[in-house]
1. Here's a check for you: in region 43-59, which residue that is surrounded by fewer than 14 Cβ atoms within 10 Å (Cβ to Cβ) and touching a residue at least 24 places away in the same chain (Cβ under 8 Å) is nearest to residue 13 (Cα to Cα)?
2. Please enumerate the residues belonging to region 35-51 that are hydroxyl-bearing (Ser, Thr, Tyr) and in a strand (DSSP E or B).
3. From 71, 40, 67, grab the single residue that is surrounded by fewer than 15 Cβ atoms within 10 Å (Cβ to Cβ) and in contact (Cβ under 8 Å) with a residue 24 or more places away in the chain.
4. Looking at region 17-34, is at least one residue in contact with a Lys or Arg (Cβ under 9 Å, 6 or more places away or on another chain), of a type in the set (Ser, Thr, Tyr) and either outside any loop (DSSP other than H, G, I, E, B) or closer than 19 Å to residue 75 by Cβ (or both)?
5. For region 20-37, which residues satisfy the criterion of being without any contact (Cβ under 8 Å) to a residue 24 or more places away in the chain and over 20 Å from residue 69 (Cβ atoms)?
Amino acid sequence: TRVSKGKKKKLTYLVVTNADGSRKLPPLIIGKVYKPHCFWNKTGSELGSHYQNNVKAWMMASIYQEWLLDWDHKL
């Protein structure tokens, strides 16, 4: 079979919970576009998650550090 080399949709997720699953943080979602159409006019936090973007939808040190510092401030 032949696979099309069109646009590929990629997302990276970071899901954090404690060992027994009783405390869960909102997921961090990393996508390619700045503002996905599926969000309509809402932000990621309004939808119950954190959303970041970069060209390849990869977890970068700067994104992780920003997420970690935000979490630390909430403690």
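1. 58
2. Once the filter is applied, which keeps residues that are hydroxyl-bearing (Ser, Thr, Tyr) and in a strand (DSSP E or B), region 35-51 yields only 51.
3. From the options 71, 40, 67, the qualifying one is 71.
4. yes
5. 20, 21, 22, 33, 34, 35, 36, 37
Here is a yes/no grid of residues against (1) modelled with pLDDT of 85 or more; (2) at negative phi:
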| position | (1), (2) |
| --- | --- |
| 2 | no, yes |
| 10 | yes, yes |
| 20 | yes, yes |
| 25 | yes, yes |
| 30 | yes, yes |
| 40 | no, no |
| 44 | no, yes |
| 60 | yes, yes |
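The values are calculated or read from the model by the stated rules, or taken from the named source; none is laboratory data. From a predicted model like this one, the values you see are computed outputs, not experimental measurements. Note that we place each Cβ from the backbone using ideal geometry, even for glycine, and neighbour counts take in every protein chain shown.
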